[in-house]
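The values are calculated or read from the model by the stated rules, or taken from the named source; none is laboratory data. Computed from a predicted structure; not experimentally measured. No Cβ is skipped: glycine too gets one built from the backbone with ideal geometry, and neighbour counts run over all protein chains shown. What goes into the accessible areas is simple: the full protein's heavy atoms, side chains included, and nothing from ligands, DNA or RNA. Shrake-Rupley method; radii C 1.70, N 1.55, O 1.52, S 1.80 Å.
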Amino acid sequence: MTSTPISELVLLKAHELADCIRLRQVSCREVMQAYLSHIERFNPWVNALISLQAPEDLLAQADQRDAELASGLYRGWMHGLPHAIKDLSLTRGIRTTFGSPLFEDFLPDRDGIMCERIKAAGAIIIGKTNTPEFGLGSQTYNPLFGATGCAYDPSKTAGGSSGGAASALAMHLVPVADGSDMMGSLRNPAAFNNVFGFRPSQGRVPFDDSADLFIDQLGYEGPMGRCVRDAALLLSVQAGADARAPLSIAESGAAFAAPLERDFSGIRLGWLGDFNGYLPMEKGILDLCQKAFTDFESLGCSIEPASVDFAPEQLWNSWRTLRHWMVAGSLGGAYANPSQRARLKEEACWEVENGLRLSASDVFAASVARSHWYRAISKLFERFDYLLLPTAQVFPFDKNLPWPTSIEGVSMDTYHRWMEVVIPGTLSGCPVANVQVGFNRNGLPMGLQIIGKHQADFAVLQLAHAYEQASRWFERCPSPLLK
């Protein structure tokens, strides 16, 4: 590792860098040059960024942004910021592979709504962030680009499916990052890389990349940041109603750019833990999460054990049915074609095969169970203002291991059972954040989920911000690869 100093520009928080550009204290070209140099130096360690665009083209776009500023045109807080879009989201003219050999050379002819908005806010798209094949599995690897390493130990996984985004953030390869989350994909990688991740409320960020606009409501896009303020600002760009997404929430995203400070005296937090022993947890995870209670209490919060009147196995069965159904709907055509099926990973085929066995009644029953879960968690919110539980059931593991087959001697019966802890948040449709809680004795990070009430996204960001000011995990513990 060279001892060449890291540019101060890439070490700035995204909102700080944005202010420097807006005030013309630094040019967009200088910012782009600093990031491209940093990416060349550090991306090979973690393999987080893929499909990088030609430097001369990116510098030309930076010059254009500088010319706009000189003429009085300021596009928004992301003006001139380098940005990489997750490789599950459409980017016009930039390769979008979904991590699959089936889309190795796919060049979309349009941007998804999120990418369209990020561009409109002034960002320059430098490439994509790595993801597992079709986003399946909380471990970022695929046959096109390989595996993405954790920013705190590149021999370990960065998590997934937004693993490339989280690792890139922690390595300062991008100022802020987008991702998507069906089964913890904005939460698990954030925990594994000591950054902040936020899964917004269902409908908060409009999404039209899917063929279905009404039923496909398990996964959606959201922000990540090295600090909560940066993620909230990105959400202010991503969020807001769009007629192309009929179930999008009819509120402007502008509110998320407001100050996050708030008094939390008397706020009640419910600790769900491991669901009364139901969820196996690697040793050390519960202890780290519970040590974080001190920081919440310093804000004036009270924390009590909480239990919800709902059988967790029923929640898992609902999840599996709905997931099988959705994946069979999106990948069923590829599976039906023998030559394409041969290029799908085993877990994708397994999802489709289980989905094809389902009846309409099976799917309806799973949706009813999900509805009962929403009612149960809403009842719990009559007692608590927020709910807490770990973000993952294991610490980052060997990136050459597809998935953990057991946790503390308990066998995992599917490729994603080891991440069951994120299902309560996913199926609630409520806003969920990952905040950092520290490291185990091997220096591997972990996080804690904060679940908020229905559509109380800003309130979750406010609590996460207050906790961040008390704990300051990212500021105190940067990636050792950068030293």
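Extending 7 Å from the Cα toward the beta-carbon at both Arg383 and Leu107 defines two label points whose distance is 5.8 nm. Sequentially through the range 412-422, phi angles give Karplus couplings (6.51, -1.76, 1.60; θ = phi - 60°) of 9, 8, 9, 6, 10, 5, 5, 10, 4, 4, 8 Hz, Gly and Pro residues having no value and appearing as x. Give me the percent of accessible area attributable to carbon and sulfur for the range 248-392, probe 1.4 angstrom. Carbon and sulfur: 51 percent of the exposed surface of the range 248-392.
At a Förster distance of 35 Å, what's the computed FRET efficiency of Leu401 paired with Asp362, Cβ-Cβ distance as r, to 0.05? Once the sixth-power term is evaluated, E becomes 0.65.
When you filter the chymotrypsin sites (Phe, Trp or Tyr not before Pro) in the range 177-264 for DSSP loop state and at most 16 other Cβ atoms inside 10 Å of their Cβ, you are left with Phe214.
Around the amide H of Lys156, modelled in the peptide plane, lie the amide H atoms of Cys150, Lys399, all under 5 Å away and 5 or more residues distant in sequence or on another chain. Extending 7 Å from Cα along the Cβ direction at Asn442 and again at Arg375 yields two label points whose distance is 4.4 nm.
Scanning residues 5 or more positions from Met446 or on other chains, those with amide H under 5 Å from its amide H are Val437, Gly438, with H placed 1.01 Å from N in the peptide plane. Please list, in chain and number order, the residues 5+ apart from Lys86 or on another chain whose amide H is under 5 Å from its amide H, with Hs placed from the backbone. Placed amide hydrogens put Thr129, Asp178 under 5 Å from Lys86.
With contacts taken as Cα pairs under 8 Å and at least 6 residues apart, the chain reaches a relative contact order of 16 percent. Straight-line cross-link reach from Lys399 at under 27 Å between alpha-carbon atoms covers these lysines, not counting any fewer than eight positions away in the same chain: Lys86, Lys128, Lys156, Lys283, Lys345, Lys483.
A 1.4 Å probe run over the protein chains yields, for the chain, 37 Å² of accessible area per residue, whole-number rounding.
The listed peptides 158-169, 354-365, ordered by packing as a protection proxy, come out as 158-169, 354-365 (highest mean of other Cβ atoms within 10 Å first).
In terms of its C-alpha gyration tensor, the chain comes out rounded, because the ratio a/c of the largest to the smallest axis stays below 1.5. With a Förster radius of 22 Å applied to the beta-carbon distance between Lys291 and Ser411, the computed FRET efficiency rounds to 0.15. Take the Cα of Gln340, go 7 Å toward its beta carbon, and the backbone nitrogen atoms of the range 138-153 under 20 Å from that spot belong to 143-144. Relative contact order of the range 1-159, taken over Cα pairs closer than 8 Å and 6 or more residues apart, is 23 percent. Counted by Cβ distance under 14 Å from Tyr335, the other residues give a net charge of -1, where Lys and Arg count +1 and Asp and Glu count -1.
Straightening the chain between Leu11 and Gln314 buys 104.6 nm, computed as 0.36 nm per residue apart minus the Cα-Cα spacing.
The relative contact order of the range 374-429, computed from alpha carbon pairs under 8 Å that lie at least 6 residues apart in sequence, is 39 percent.
Structural size metrics of the range 106-209, computed from C-alpha coordinates, are Rg and Dmax of 13.4, 37 Å.
Rounded to the nearest whole angstrom, the semi-axes of the ellipsoid equivalent to the range 278-325, taken from the Cα gyration tensor as √(5λ), stand at 30, 14, 10, largest first. Surface composition of the range 96-218: carbon and sulfur atoms hold 56% of the protein heavy-atom accessible area at a 1.4 Å probe. Here the range 55-161 has an Rg and Dmax of 15.7, 48 Å, counting Cα atoms alone.
Across the range 370-414, the volume of the C-alpha convex hull divided among the residues equals 133 Å³ per residue.
Full extension of the segment from Leu73 to Ala250, taken as 0.36 nm per residue of separation minus the current Cα-Cα distance, would add 60.9 nm. Each peptide in 138-145, 55-62, 467-474, 454-461 gets a packing score, the mean of other Cβ atoms within 10 Å over its residues, and the list from highest to lowest is 138-145, 454-461, 467-474, 55-62.
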